[in-house]
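Just below is one structure, and these are the notes that go with it.
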Amino acid sequence: MLTTIRGRARGVTLLELLVVLMILSIVLTAAVKTWDATLERGRAETTARKLNQLVSVIVGDPDYIVAGQRADFGFVGDFGRLPNNLRELVVSPPVSPPESSRWRGPYVRSTFNESPDGFRIDGWGDTIVYGRQAYNSNESLFVRSQGGRGYADKTRWQTVFLPYSYDALTGNDVEGRIVDVRGDPVPLGRASIVNGLQVILYRPTEGILVPWPKSGTEVATNFLFTSVPQGTHRLVAMFVDVNQIPHESTTTMADVPVYPSIGARHITMRLPIDWDDIPDIIP
């Protein structure tokens, strides 16, 4: 006769074991997918942060205002051109003489756990692409991550375009006029005044400040400088009185912010002299 002992442990059947394994498999699969999604999201966020930072240091931060004027024009404002490659943001291009360089980098600093080139490596460990072409289109200027898949899957690309075109960054106009202490414009019939006028714009060219002078009739009515890169540039207006021996000069200067695609317009350079006090040239 078969007896049953109360409290005796019952064995696990094969079916129950399979059910448990199946549940564990489902849980682990869900956990792995969640982890992969979290990891991918972190890589994408890290990459987006780097791309936006690179754009910001190239063209500057328009929201950085000092004394009511924009003060940050990035690499372009300092050097006078777009960087040829991203490495120029951390290593100065050659400038001669070196002490005259307006390069203010490194514009990007790697974190303590990154290599020196970490600023141009995306979240997947690939090199960030920098597109630079001299076309009048902002779509030719960009930084891009290929999302860990290279050219195979363009749907994963992350691209941030520079907010301005090539011409807007490097080809602006600076225009204005010269007046005397009373605010009167230059009397065009007075050769002794017209011939003694000069306006100089100091603009960065390949990282060096280069004086760009205009004089005489070029500035008697309105002065105009073209192809000026964005940035804050020194403008000097001067009058040389040729009637005096030695010649006496009167100068005024201003630091003029040149905005991308806007330039700097309607500038008034006021000289601390009175046109009526300048005698005519004695024949």
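The values are calculated or read from the model by the stated rules, or taken from the named source; none is laboratory data. It should be emphasised that the depicted structure is a prediction, and the values quoted were computed from it without experimental measurement. All Cβ positions, glycine included, derive from the backbone under ideal geometry; neighbour counts span all protein chains shown.
Overview of values
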| read-out | value |
| --- | --- |
| Pairs with Cβ under 9 Å, 6+ apart, first in the stretch 35-49 and within 10 Å of D122 (Cβ to Cβ), second of a type in the set (A, V, I, L, M) and at pLDDT 80 or above | T47/I128; A48/V160 |
| Of all residues in the stretch 205-231 being in a loop (DSSP other than H, G, I, E, B) and in contact with a strand residue (DSSP E or B) (Cβ under 6 Å, 6 or more places away or on another chain), the one that is surrounded by the most Cβ atoms within 10 Å (Cβ to Cβ) | Q230 |
| Qualifying positions in the stretch 82-101 - surrounded by fewer than 18 Cβ atoms within 10 Å (Cβ to Cβ) and in a loop (DSSP other than H, G, I, E, B) | N84, N85, V90, V91, S92, P93, P94, V95, S96, P97 |
| Check on G80, in contact with a strand residue (DSSP E or B) (Cβ under 7 Å, 6 or more places away or on another chain) and under 29 Å from T205 (Cβ atoms) | yes |
| Residue match in the stretch 103-119 (condition: in contact with a strand residue (DSSP E or B) (Cβ under 6 Å, 6 or more places away or on another chain) and either among the basic types (K, R) or assigned to a loop (DSSP other than H, G, I, E, B) (or both)) | no |
| Matching residues in the stretch 149-187 - criterion: being in a helix (DSSP H, G or I), over 30 Å from A254 (Cβ atoms) and β-branched (V, I, T) | T155 |
| For S227: the one exception among (1) touching a residue at least 60 places away in the same chain (Cβ under 8 Å); (2) under 30 Å from G74 (Cα atoms) | (1) |
| Condition check for S145: surrounded by fewer than 17 Cβ atoms within 10 Å (Cβ to Cβ), touching a strand residue (DSSP E or B) at 6+ places or on another chain (Cβ under 8 Å) and not assigned by TED's automatic domain parsing to the domain that holds P257 | no |
| Enumeration of residues in the stretch 188-204 that are within 19 Å of V256 (Cβ to Cβ), in contact (Cβ under 8 Å) with a residue 60 or more places away in the chain and either touching a His at 6+ places or on another chain (Cβ under 7 Å) or in a loop (DSSP other than H, G, I, E, B) (or both) | R203 |
| Output for the stretch 155-193, where each listed residue is of a type in the set (A, V, I, L, M, F, W, C), surrounded by fewer than 18 Cβ atoms within 10 Å (Cβ to Cβ) and over 21 Å from R81 (Cβ atoms) | W157, V179, V181, L188, A191 |
